[in-house]
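The values are calculated or read from the model by the stated rules, or taken from the named source; none is laboratory data. Quick caveat, the model's predicted, so the values are computed rather than measured. Cβ placement follows ideal geometry from the backbone for every residue including glycine, while neighbour counts extend to all protein chains displayed.
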Amino acid sequence: MTSAWRMVVGAFGLVALAIGFLSVVFLTAPAAPGPDLARSKNSAKGLYALSIAPEAGEPRQGDLHAWVVTVKTRQGAPVEGAEIAIGGGMPEHAHGLPTSPEATAYLGDGRYRIEGMKFSMTGWWQLKFGITAPAGADEATFNLVL
Amino acid sequence: MVRGLLTKLIAAATITAALAGCSDADFSDAEKRTIVSMSLAALAPLPPDPTNRFADDPGAAALGATLFFDTGMSRDGNVACGTCHKIDRQFQDDLPRGIGVAETNRRTMPLAGVARDPFFFWDGRRDSLWSQALVPLENVLEHAGTRTAYAHYLKRRFGERYERIFQPLPELSMLPASAGPFGTPAEKAAWAGMSDAERKGVDRIFSDIGKAIAAFERSLVHGKTRLDRFADALAQGRSPSAEDDLSAEERHGLKLFIGKANCSTCHTGPRFTDNHFHNTGVPPVAGLPADRGRIAVVDEVLADPFNCAGKFRDGGEEACGELRFVQKSSPELVRAYKTPSLRNVAGRPPYMHAGQFATLEQVVSHYATAPKSVEGESEIHAVALSDGERAALVAFLKTLSE
Ligand SMILES: [Cu+2]
């Protein structure tokens, strides 16, 4: 066998190994980092600290369900009597929420019940809460992946 | 020796490539989970309907079945629910638009699994199975009857059965033979001339007719398909039996359905529907009245006296979340129509809300090319699908037949 032949075979072997290696890396690598899934955050202008939680377990696709939003000042005082507007949708599908959720009750300690939430598809959803209270109007956006 | 090494390297490269999922015949773990979620085995039990306390009453269901197939339940004595919802044809009629007393503007929908819908009709203009059943009875193109005529008929033909299930019937003899809010001008005037108590008594009987028919319709369910048996085998980690295994083309179609073609975004879960309404750019039918889909009927469902907020609902108002929080004004509702289930779809052309497409090939082609909507924005984006890929999608859809 000539040395040129050996080099061809060697090069082929290296390419094959490289393909193999890359395939394994591709298969086992985590998916691209998703959106920020934090359920507590400060509002955009920093007026409020919000946290959100489903009222009864993680929501399932298609089920009408409720969330509890807790609104506090940055100093940690509960915000009472806030007006809460709820919006959102699926950024990758360019559509909004399938329902019109509303804040239906004040539960005390800065907590508000949000009823009428529904996620009709799996995937990345955004929930936007507009807060209007004596400290001013501000909003916060949360990401959820179903 | 060198040749041996070469062979080994090629073999190693081939195995690695196969592991990386280069073959269409293999499904990733995520794809397998999606496929398993589409099986009938993943369908939750039918939830109760607290707004209809007769929903699971066998006597009511039996009366409902009788009424469903009774052509006496129409103005001319020729139209029953079963006229368009044919029992041996998936409870649909194979026509572009259903024909009752005259041709309607919409494709007749099949009924298996219908009790699971939050809203009814292609545009969702009713919010319960029992209030849905009332609409065709008074529609001038369908049964074309009137409320008092139905009350008289029910008392005459089925009075004893009705009273055994529901409640004693009021005296009806002094009421007009044919009066209702949607009849001829004379019938509307006669309806307006009745007392509130008389109208309410008739409305009660009318709503009970809907509740009986709904009780019957709750029994209509989907049967297992090849895809269900294939998915169940996947779920249990065993190979499907020879007759349940999907061909290479069907697997390819399935992979496209839950992948590149984006079908399962809306046609999701065991019923292949997200129970929502979408503008997908389906063209209008020339000659039919203007049809704006969901946006045109939001006010109607909110104002319907038989809706969940009305006085004919049984049970508490906590069952009315879908109506209470309905999306009322989004531009997305313009020409939005319900995502239909795809179970048994190959057996019921033509397709779409007014029978616009004669074949599944045409449907797939529509979604691949994603034409603009005549009004509002289509949610669909074009997907480049080869002839082979389109054929594979159609082949897959045929595995959804019982
Ligand atoms: Cu979406």
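Quick notes on this one:
- Every pair of residues 6+ apart whose Cβ atoms lie under 7 Å, when the first sits in the stretch B:259-283 and is within 11 Å of another protein chain (Cβ to nearest Cβ) while the second is within 13 Å of the ligand (Cβ to nearest atom) and part of a helix (DSSP H, G or I): B:Asn279/B:Glu332
- Residues being surrounded by 18 or more Cβ atoms within 10 Å (Cβ to Cβ) and touching a residue at least 40 places away in the same chain (Cβ under 8 Å) - total across the stretch A:46-63: 6
- In the stretch A:59-79, residue nearest to the ligand (Cβ to nearest atom) [restricted to those that are within 14 Å of another protein chain (Cβ to nearest Cβ) and either of a type in the set (D, E, K, R) or not in a strand (DSSP E or B) (or both)]: A:Gln61
- Some residue of the stretch B:203-223 being closer than 25 Å to B:Ser131 by Cα and free of Cβ contacts under 8 Å to residues at least 60 places away in the same chain: yes
- The lone exception for B:Arg229 - which of (1) assigned to a helix (DSSP H, G or I); (2) surrounded by 18 or more Cβ atoms within 10 Å (Cβ to Cβ); (3) in contact with a helix residue (DSSP H, G or I) (Cβ under 9 Å, 6 or more places away or on another chain) it fails: (3)
- Pairs are defined by a Cβ separation below 6 Å, a sequence spacing of at least 6 or placement on different chains, a first member in the stretch A:93-110 that is of a type in the set (S, T, N, Q), and a second member that is crowded, with 17+ Cβ neighbours inside 10 Å; the pairs so defined are A:Thr99/A:Gly116; A:Thr99/A:Lys118; A:Thr99/B:Phe325; A:Thr99/B:Gln327; A:Ser100/B:Phe325; A:Ser100/B:Gln327; A:Thr104/A:Glu115.
- Any hit, the stretch B:275-282, residues being modelled with pLDDT of 95 or more, assigned to a helix (DSSP H, G or I) and surrounded by fewer than 21 Cβ atoms within 10 Å (Cβ to Cβ): no
- Residue match in the stretch B:287-296 (condition: over 21 Å from the mean Cα position of the chain (by Cα) and assigned to a helix (DSSP H, G or I)): no
- Which numbered condition A:His93 fails, given (1) assigned to a strand (DSSP E or B); (2) within 16 Å of the ligand (Cβ to nearest atom); (3) surrounded by fewer than 22 Cβ atoms within 10 Å (Cβ to Cβ); (4) not aliphatic (A, V, I, L, M): (1)
- Yes/no for A:Lys41 being within 15 Å of the ligand (Cβ to nearest atom) and surrounded by 15 or more Cβ atoms within 10 Å (Cβ to Cβ): no
- Each residue in the stretch A:104-124 was checked for being in contact with a Phe, Trp or Tyr (Cβ under 8 Å, 6 or more places away or on another chain), crowded, with 19+ Cβ neighbours inside 10 Å and farther than 16 Å from B:His276 by Cα, and 3 pass.
Residue by residue, here is whether (1) surrounded by fewer than 21 Cβ atoms within 10 Å (Cβ to Cβ); (2) within 20 Å of the chain's Cα centre (by Cα); (3) assigned to a loop (DSSP other than H, G, I, E, B) holds:
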| residue | (1), (2), (3) |
| --- | --- |
| B:Arg313 | no, no, yes |
| B:Glu318 | yes, no, no |
| B:Tyr337 | no, yes, no |
| B:Pro340 | yes, yes, yes |
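- The stretch B:352-388: number of residues that are in contact with a helix residue (DSSP H, G or I) (Cβ under 8 Å, 6 or more places away or on another chain), surrounded by 15 or more Cβ atoms within 10 Å (Cβ to Cβ) and in a loop (DSSP other than H, G, I, E, B): 7
- In the stretch B:93-115, the residues that are crowded, with 19+ Cβ neighbours inside 10 Å and either among the polar types (S, T, N, Q) or in a helix (DSSP H, G or I) (or both): B:Thr104, B:Thr108, B:Val114, B:Ala115
- Scanning the stretch B:97-129 for residues that are under 25 Å from A:Gln61 (Cα atoms) and not hydroxyl-bearing (Ser, Thr, Tyr) yields a count of 20.
- Considering (1) loosely packed, with under 15 Cβ neighbours inside 10 Å; (2) closer than 30 Å to B:Lys398 by Cα, the lone condition that B:Glu163 does not fulfil carries the number (2).
- Here A:Met121 meets the list (1) in contact (Cβ under 8 Å) with a residue 60 or more places away in the chain; (2) part of a strand (DSSP E or B); (3) within 14 Å of chain B (Cβ to nearest Cβ) almost entirely, failing just condition (2).
The rows are residues; the columns are (1) assigned to a strand (DSSP E or B); (2) at the interface with chain B (Cβ under 10 Å from one of its Cβ atoms); (3) within 11 Å of the ligand (Cβ to nearest atom).
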residue	(1), (2), (3)
A:Gly81	no, no, no
A:Gly87	yes, no, no
A:Thr104	yes, yes, no
A:Arg113	yes, no, no
A:Gly116	yes, yes, no
A:Trp125	yes, no, yes
A:Gly130	yes, no, no
A:Glu139	yes, no, no
A:Phe142	yes, no, no
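- Taking the numbered list (1) under 22 Å from B:Arg324 (Cα atoms); (2) within 14 Å of chain B (Cβ to nearest Cβ) in turn, A:Pro91 passes all entries but (1).
- Considering only residues in the stretch B:288-331 that are touching an Asp or Glu at 6+ places or on another chain (Cβ under 7 Å) and of a type in the set (Val, Ile, Thr), the one that is nearest to the other protein chains (Cβ to nearest Cβ) turns out to be B:Val301.
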